[in-house]
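The values are calculated or read from the model by the stated rules, or taken from the named source; none is laboratory data. Computed from a prediction, not measured in an experiment: that's the story for all the values here. Cβ sites come from the backbone with ideal geometry, for glycine too, and all protein chains shown count toward neighbours. When the accessible area is computed, the model is the full protein with side chains, heavy atoms only, and any ligands, DNA or RNA have been set aside. Shrake-Rupley method; radii C 1.70, N 1.55, O 1.52, S 1.80 Å.
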Amino acid sequence: MKRLILKCHRVLTWFALIGVLCWAISGILHPLMAWFGPQAQKMMPPQFEAKASTLIQLEGVIDQLPIAEAAIVKVVASAGGNLLQITQSDHQPRRYFDLVSGEELLGYDQEQAKWLASHYLGVPLQAVTSINFRDRFDASYPPVNRLLPVYEVTIKAQGETKNKTQTAFIYTETGALASLNNSAKANMQRFFKALHTWSWLDKTGLGRVLLVSVFMLTLLAMASTGLYLVFALPKRKIPNPSRRWHRRLAYVLWLPLLGWSASGFYHLLQAQYVQPVSGIRLLAPIQLANFAVSEEAKSAWQNSVNASLPSNAHLNAITLNQSINGEPLYRLGVSAPIVQPANGHEKRKARFAGRAMEKSAAYINARTGLPSEVTDQTLAASLVQSFTSSPQTSMQLVTQFGPVYDFRNKRLPVWQVDVNDGAGSRLFVDPISGILVDQNRSIERAESLSFSILHKWNLLRPLVGPETRDVIIVITLLGIIAISGFGFVMYQKRSNAGRRGVGQLHASRVE
């Protein structure tokens, strides 16, 4: 049995070496992109401030709008002050209106994207060299980023890197920096995709899956047979340095190699054969006529708003929402203190953990100006009813990103709602914009947990932080490259010895 397993372990050497070199080297690139890639100067969007008077301004232009319905309607900060932003579909630029005159600012979505890019990167608007509207994913902005449509904003870098450029992808609905890239990071990403996901085989379809599966299973077999040999072969003094270090490293590295291989294989099969359900989904359009107040009632309406909201109330969000019974609502977010991270470590932590930008919310009936009994929780529950008729089993507020709802969504806070639909569906809804942000099922959560723990080692993040975790991963990958090198040297020595033995036997027979 030992001889058979040892033979299998040796036979797999070439396949295992190719797989290890491809995945270990490209795996090291992933933390390198985070460490040395371009970093934003600010992690939070520009702070939006409004008061009760802003809501009164908004009501004054609602009935003047040349739009009957819209998917998302909200007041946002801009370079020139607060503006009304309207999203009609997820494939068109957003429209903007002045809160005083009601005049539309044609083509302003581009200007908004430029302003946001200059905010995040800490550069003047003049540094923007080009801007393009993107409503599809591609190699430079892959689906992993999730948000569409975005603007691709090219910025001339400042200071010591003034001859280089950076590319910011801006999602104007939430004012989010969806992705930040430069030529060095783009090259690393291409190299990573070529070696780690073998994207150059995408055109072969099933061929890529089969070939990658063979190499994954080879590493699984290599780790499994190596584990058996470590404990089955007797302990003894090993004079050969390569053999000695190969065995020493095997005691430490068999588990990481097994975990990475198994979770990678699981991830490959899931991505290929399980149809995803994630992605932003918009509700039925909001009828703007429902929010208009007659001229005769406006005075009483304004008095109700002023009584409902103290004049010194600081708001960070004003959106138009509609409850399940059709009640037109203004949602008013009350600002939470925002502290910009002070250094690189804090910036990266804020990026991946996320930070909610409001501490509470109030709802005003758009027709009466009086407070509504609707809350974020009840609105979230009604939003979920718009997407599924299955009974809701639990709800909870999500204020930070994690393995199941990660930082790529760039949207907090959201409500997590579990439903009893036979698939274990979990929906994440944003009461601020009134949309379904993301969703997953039990099958996706199982794979996500496997990938998070076994592949990305996220269980170490709360213990040592993301930077130290990355260092541990890089050291482990270098160890796997080393153990593969020692194993290959042993294989070559054995092959050479075998050829010499055959040569000597042949010579003796000739004599």
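Below 12 angstrom from the Cβ of Gln270, what's the summed charge of the other residues (Lys, Arg +1; Asp, Glu -1)? Intermediate values should be presented prior to the final figure.
Working: positive: Arg441, Arg445; negative: Glu444, Glu447.
Cβ neighbours under 12 Å give a net charge of 0.
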Item to check | Residue among Ile318, Asn145, Gly81 farthest towards the positive dipole end of the chain, charges placed on Cβ | outcome: Asn145
Checklist outcome for this item: Total charge of the residues flanking Ala289 in space, meaning their Cβ is under 11 Å from its Cβ, with Lys and Arg +1 and Asp and Glu -1, is -2
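Could you tell me whether segment 1-108 comes out rounded, prolate or oblate from its Cα gyration tensor? Rule is a ≥ b ≥ c as square roots of the eigenvalues, rounded for a/c under 1.5, then prolate if a/b exceeds b/c, otherwise oblate.
On the way: a/c = 4.99, a/b = 3.40, b/c = 1.47.
Because a/c hits 1.5 or more and a/b exceeds b/c, segment 1-108 counts as prolate.
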Item to check | Residue-averaged 222 nm ellipticity for the chain, from DSSP H runs of 4+ at -39500 (n - 2.57), nearest 500 | outcome: -15000 deg cm²/dmol
Next on the checklist: Going Cα to Cα from Lys156, which lysines come in below 20 Å? Please leave out same-chain ones fewer than 8 positions away.
Outcome noted: Lys42, Lys114, Lys164, Lys185
Checklist outcome for this item: Which residues qualify? For Leu99, with a placed amide H closer than 5 Å and at least 5 residues away or on another chain, they are Leu84
Checklist entry - Ignoring ligands, DNA and RNA, what percent of the 1.4 Å accessible area of segment 154-253 is carbon and sulfur? => result 63 percent
Checklist entry - Hey, if you put +1 on the Cβ of every Lys and Arg and -1 on every Asp and Glu Cβ in the chain, which of Val374, Ala307, Val471 ends up farthest toward the positive end of that dipole? => result Val471
Checklist entry - Using a simple charge model, +1 on the beta-carbon of Lys and Arg, -1 on the beta-carbon of Asp and Glu, nothing else, what dipole does segment 53-185 show about its Cα centre, in debye to the nearest 20? => result 740 debye
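So what is the accessible area of the chain per residue, in Å², with the probe set to 1.4 Å?
On the way: 25550 Å² over 511 residues.
Spelled out: the 1.4 Å probe surface of the chain, per residue, equals 50 Å².
Please report the net charge: other residues with Cβ closer than 12 Å to the Cβ of Leu460, K and R +1, D and E -1.
Working: positive: Lys456, Arg461, Arg469; negative: Glu467, Asp470.
Around Leu460, the surrounding residues sum to +1.
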Checklist entry - How large is the charge dipole for the chain, taken about the Cα centre, if only the Cβ atoms of Lys, Arg (+1) and Asp, Glu (-1) carry charge, to the nearest 20 debye? => result 4540 debye
Next on the checklist: For Cα extents along the principal axes in Å, one of (i) 119, 56, 41; (ii) 62, 58, 46; (iii) 67, 65, 35 was computed from the structure I shared and the rest are decoys. Which label?
Outcome noted: (i)
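I'd like the FRET efficiency for Lys7 and Asp135, computed as 1/(1 + (r/R0)^6) with the beta carbon distance as r and R0 of 60 Å, rounded to 0.05. Don't skip to the end; give the middle numbers.
Details: r = 55 Å, r/R0 = 0.92.
The value I calculate is 0.60.
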Checklist entry - Calculated FRET efficiency, Leu106 and Lys156, Cβ-Cβ r, R0 25 Å, to nearest 0.05? => result 0.40
Checklist outcome for this item: Per the charge dipole of the chain (beta-carbon charges, Lys/Arg positive, Asp/Glu negative, Cα centre), the residue among Asn182, Pro46, Ser130 reaching farthest to the positive end is Asn182
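To the nearest 20 Debye, how big is the dipole of segment 124-262 about its Cα centre, given +1 on the beta carbon of each Lys and Arg and -1 on that of each Asp and Glu? Let's see the in-between values first.
Details: 18 positive and 6 negative charges, 217 e Å.
It comes to approximately 1040 debye.
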Checklist outcome for this item: Residues meeting the amide H criterion for Ala178 (H placed from the backbone, H to H distance under 5 Å, 5 or more places apart or on another chain) are Phe169, Ile170, Tyr171
